[in-house]
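So the structure is just underneath, and the comments pick up after that.
Derivation of every value follows stated rules applied to the coordinates shown; laboratory data play no part. The structure displayed is predicted, hence computed values, not measured ones. Cβ atoms come from the backbone with ideal geometry, glycine included; neighbour counts cover every protein chain shown.
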Amino acid sequence: MFEGLLAEVRRDTDSILDRDPAARSRIETMLTYPGLHAVWAYRVAHRLWGQDHRLVARLVSSGARRITGVDIHPAATLGQGLFIDHAVGVVIGETAEVGEDVTIYQGVTLGGTSLERGKRHPTVGDRVVIGAGAKVLGPLLVGDDARIGANSVVVRDVPAGSVVVGVPGQIIARTVAPSSAPPTLNDQPISADPVSASLASLMRRLELLERQVGADEVEMVGPGADGNWRGEDFSI
C-alpha cells in the first residue's frame with residue numbers, strides 16, 4: 001500500500017515541476033503547494049475509503065479542505081500526475097473520475113446536477129486542462145486532451161482534443177494532433193472573448209455579401225488590428 005502511495009506522491013510532485021515554471025525545486029514544491037497537499041491528502045483518504053474506514057477518510061478530507069481550500073470527496077477517482085494550481089475553491093465530487101496528467105486551476109468545480117445516488121459527476125480524460133472558475137456539471141465525459149476555458153460552464157460531453165469556452169460551454173476549436181505528452185500552457189491559446197470573435201466573423205461575412213450584391217460603399221464594423229471596434233453603423 002505505502003509503496004504504491006509513495007510512487008503516486010513522487011509522480012504528483014514531478015507533474016508540477018514539469019508544468020509550472022514557478023516551481024524551482026522538489027523541496028520547495030513539496031512544502032509550499034497547497035494543491036499538492038490536497039492531492040496527497042486525497043490519496044490517503046481514498047485508500048482509507050477503499051478499506052471501508054469511511055468516517056476516518058471523510059475526516060482526512062475535511063481537514064485537508066480546511067487547510068488547503070480544496071474539497072475532494074475521498075470516493076472520487078483521480079489519476080496520477082494531477083496538478084491543482086493555486087488550489088483555492090476547487091471542488092471534486094464523489095463520483096468524479098479524473099485521468100492522468102490533468103491540470104486544474106483555482107475555483108474549478110467537478111459537480112453534479114442530480115440528488116440521486118449513482119454516477120452524477122463528470123469523467124475527465126487524460127491531459128485535460130480546466131481553466132480557473134470553470135464548472136463541469138453532471139455525468140458527462142470530457143475527452144482526452146480537451147481544454148476548458150476560464151469561467152466556462154460545461155453541461156454536455158466534450159470531444160477529445162476540443163477547446164470549450166462560454167456559458168454554456170461551446171466548442172470553438174479542436175487541436176490538430178493530440179499529444180501523449182502532458183499539456184503545457186502554450187499548447188493552444190483559448191479565446192478570452194468568444195462572443196467578440198463570433199461577431200467579428202459575422203461582420204466579415206456581411207461585408208462579403210454586401211460586396212457580392214454590389215453595394216457602393218461598404219464600411220466594415222468590427223475590431224481592428226489593435227482590438228478596438230470601429231465603424232459608425234452599429235444599428236445591426
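Quick one: which residue in LEU78, LEU55, LEU31 is closer than 21 Å to LEU110 by Cα and out of contact with any His (no Cβ under 7 Å at 6 or more places or on another chain)?
Details: LEU55 fails: closer than 21 Å to LEU110 by Cα; LEU31 fails: closer than 21 Å to LEU110 by Cα.
The unique qualifying residue is LEU78.
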Quiz item: Looking at region 131-156, which of the residues that are basic (Lys, Arg) and outside any loop (DSSP other than H, G, I, E, B) is nearest to the chain's Cα centre (by Cα)?
Solution: ARG147
Exercise. Kindly indicate whether any position in region 40-48 is crowded, with 18+ Cβ neighbours inside 10 Å, under 21 Å from GLY143 (Cα atoms) and in contact with a helix residue (DSSP H, G or I) (Cβ under 9 Å, 6 or more places away or on another chain).
Key: no
Quiz item: Between a first residue in region 131-157 that is in contact (Cβ under 8 Å) with a residue 40 or more places away in the chain and a second residue that is of a type in the set (Lys, Arg), which pairs have beta carbons less than 8 Å apart while being 6 or more apart in sequence or on different chains?
Solution: GLY131/ARG147; PRO139/LYS119; PRO139/ARG120; ASP144/ARG127
Quiz item: Taking ARG11 and the conditions (1) more than 23 Å from the chain's Cα centre (by Cα); (2) in contact (Cβ under 8 Å) with a residue 60 or more places away in the chain, which numbered condition does it fall short on, given that it satisfies the others?
Solution: (1)
Quiz item: Can you tell which of THR103, THR68, THR77 is farther than 22 Å from ALA23 by Cβ and of a type in the set (Val, Ile, Thr)?
Solution: THR77
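Can you name every residue in region 119-130 that is part of a strand (DSSP E or B) and surrounded by 20 or more Cβ atoms within 10 Å (Cβ to Cβ)?
First, pick out the residues of region 119-130 that are part of a strand (DSSP E or B): 123-124, 129-130.
Correct list: VAL124, VAL129, ILE130.
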Exercise. Under 6 Å between Cβ atoms, at least 6 apart or on separate chains: pull out the pairs that start in region 27-50 with a residue that is touching a residue at least 24 places away in the same chain (Cβ under 8 Å) and end on any residue that is in a helix (DSSP H, G or I) and of a type in the set (Gly, Ala, Ser).
Key: ALA38/ALA64; ALA41/ALA64; ALA45/ALA57; ALA45/SER61; LEU48/ALA57; TRP49/ALA57
Exercise. For region 46-77, name all the residues that are aliphatic (A, V, I, L, M) and under 14 Å from GLY35 (Cα atoms).
Key: ALA64, ILE67, VAL70, ILE72
Quiz item: Is region 99-118 home to any residue that is surrounded by 22 or more Cβ atoms within 10 Å (Cβ to Cβ), small (Gly, Ala, Ser) and either more than 18 Å from VAL136 (Cβ to Cβ) or in contact (Cβ under 8 Å) with a residue 24 or more places away in the chain (or both)?
Solution: no
Quiz item: Can you pull out the residues in region 66-88 that are farther than 16 Å from TRP49 by Cα and without any contact (Cβ under 8 Å) to a residue 24 or more places away in the chain?
Solution: ARG66
Exercise. Given the conditions (1) closer than 20 Å to LEU82 by Cβ; (2) in contact with a Gly (Cβ under 7 Å, 6 or more places away or on another chain), report the number of the one that THR123 does not fulfil.
Key: (2)
